[in-house]
1. Based on this model, can you work out whether residue 336 counts as farther than 30 Å from residue 57 by Cβ, out of contact with any helix residue (DSSP H, G or I) (no Cβ under 8 Å at 6 or more places or on another chain) and β-branched (Val, Ile, Thr)?
2. Pick from 192, 212, 248, 263: which is away from the ligand (no atom under 15 Å from the Cβ), closer than 19 Å to residue 480 by Cα and in contact with a strand residue (DSSP E or B) (Cβ under 7 Å, 6 or more places away or on another chain)?
3. Name the residues in the stretch 438-455 that are in contact (Cβ under 8 Å) with a residue 40 or more places away in the chain and either acidic (Asp, Glu) or surrounded by fewer than 15 Cβ atoms within 10 Å (Cβ to Cβ) (or both), would you?
4. What pairs come out if I take residues in the stretch 159-176 that are assigned by TED's automatic domain parsing to the domain that holds residue 191 and outside any strand (DSSP E or B) and pair them with residues that are of a type in the set (Gly, Ala, Ser) and within 16 Å of the ligand (Cβ to nearest atom) whose C-beta lies under 6 Å away, six or more apart or interchain?
5. Among the residues of the stretch 469-498, what is the count of those that are outside any loop (DSSP other than H, G, I, E, B) and under 21 Å from residue 301 (Cβ atoms)?
6. Would you confirm whether or not the stretch 212-219 contains a residue that is touching a Pro at 6+ places or on another chain (Cβ under 8 Å), surrounded by fewer than 24 Cβ atoms within 10 Å (Cβ to Cβ) and more than 25 Å from residue 55 (Cβ to Cβ)?
7. Give the residues of the stretch 417-456 that are of a type in the set (Gly, Ala, Ser) and farther than 20 Å from residue 468 by Cα, sorted by residue number.
8. Restricting to the stretch 352-390, name every residue that is touching a Phe, Trp or Tyr at 6+ places or on another chain (Cβ under 8 Å), not in a loop (DSSP other than H, G, I, E, B) and not β-branched (Val, Ile, Thr).
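The values are calculated or read from the model by the stated rules, or taken from the named source; none is laboratory data. Being a predicted model, the structure only gives us computed values, none of them experimental. So basically every Cβ, Gly included, is an ideal-geometry build from the backbone, and we count neighbours across all protein chains shown.
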Amino acid sequence: MANDDIHPVAKGQSRGFSLDYAPAPESASVVSIADEYGLFIDGEFAEPESGELFATVSPATEERLSMVASGGVGDVDRAVGAARRAYDGVWGPMPGRERAKYLFRIARQLQERAREFAVLETLDGGKPIKESRDVDIPLAAAHFFYYAGWADKLEYAFPGRDVAPRGVAGQIIPWNFPMMMLAWKVAPALAAGNTVVLKPAETTPLTALLFARLLQDVGLPPGVVNIVTGAGPTGEALVDHPGVDKLAFTGSTAVGKRIQKVALARGVPVTLELGGKAAHIVFEDAAIDQAVEGVINGIYFNQGHVCCAGSRLLVQESIAESFVDRLKRRLATVRVGDPLDKNTDVGAINSSRQLARITELVEVGVAEGAELYQPDCGLPDRGFFFRPTILSHVEQTHRIAREEVFGPVLSVLTFRTPEEAVAKANNTPYGLSAGIWTEKGSKILWMADRLDAGIVWANTYNQFDPASPFGGYKESGFGREGGMHGLAPYLSAAPTGGRS
Ligand code: ADP
């Protein structure tokens, strides 16, 4: 009996050796979602002053999951007030070794409840369960473990300096890695002795609200972390609040620029982690099969909703045609669909708005002369889905080569020499990340020295570790998250003895 008779081949997949995957859905019964959520202020869930709520939907089904409070100016004021009281009364004076115990507790709870967090992350955001289960939640827990370790050792991180927390940190995070971004922001802030007002993104608020419950369970003193949900205006209210001592933002470059202006005018320290348009550079001497996997992972991981995504493939001209052929063959095997299915590689686009932007930019790319390839995979009838896409013959002047798509779309450009690769890679307003594939170590070092990118991966891509600093240059922002460097923005440091 042929394989095809046992496993019906999915529509559009080539016949022959292709085995179809039986559905392997993760059960959603592990999470319980309330009909409505208030704001998490001073250790309690509270009604928003305005009484306004907004819906959060599952991008994979378009079904409403819950109604969530929209925080206004008065709500932000209450949250900042609670954070200030907690800073002055409890968290600021608390010895680092005591703060560390809370951070360790949070980390352990995240591990214990990892399945619940992963399923909720996938339901609310649309990312494949295998990513939220194997990447997002474990890394979020790892960040809390890592920074718990620093809480009582801050003087060793900054030798010769007297360090002090800044006070109340206002933090705004995006929707692409909701729990990971929360951990990147909250863990170092708390370890350094600050209190927090966090605003999650409006399309993915649910895991932050589950995190609020977790904080109640671990007995974190009220007001140390406050979570104010809402959209742009809620974020603006936080940025504008005079009681905030430090701002941290991850999101679009346009919003980041606005926040920078306000922060500068008010003299508040700010860190910005903004967009990217990474060059993923493949030389003819690279291990080609590994490079194909790396490029696929670099752009289609998390539907390409990744600021450091390898969205511009720069491939050496001598191998360009065969490399792109291999990419297409590999892309045809990528499974697109239900994010809760454990076999899914590419899940749902986070929102209809983002889907419209991706669709528009791909249309522009084709109109400007790029050649479009999309595998003939079926897409679910409902939900926000987009076929993983390769645009080849892209020119540097094309919008698709210059603008961040934040979707599963790879633009292919070519180069002949390392110098040309560097020039093309750096020909972007962004400077977050880059990837290099070559078997020559000296070429990696030569390239890495010249690339304007905060992170350069060599013969791999999308590697994250809490001990490793992450951040950009140019319009990708400034400041680092992760590692010892990630503590610095949350501390003021004076030379030892310089503080009275
Ligand atoms: P995207 O366009 O990818 O959604 P944004 O930069 O708009 O990225 O969103 C990132 C985060 O910034 C979200 O939490 C969002 O609500 C918030 N945000 C949007 N506009 C503003 C603003 N003007 N001030 C502060 N925060 C904002």
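1. No: the conditions fail for residue 336.
2. Just a single option satisfies the conditions, and that option is 192.
3. 439, 440
4. 174/201; 174/251; 175/201
5. 3
6. No; the residues of the stretch 212-219 include none that is touching a Pro at 6+ places or on another chain (Cβ under 8 Å), surrounded by fewer than 24 Cβ atoms within 10 Å (Cβ to Cβ) and more than 25 Å from residue 55 (Cβ to Cβ).
7. If the condition is that a residue be of a type in the set (Gly, Ala, Ser) and farther than 20 Å from residue 468 by Cα, then 421, 423, 425, 441, 442 are the ones that fit.
8. Within the stretch 352-390, 352, 354, 355, 357 qualify.
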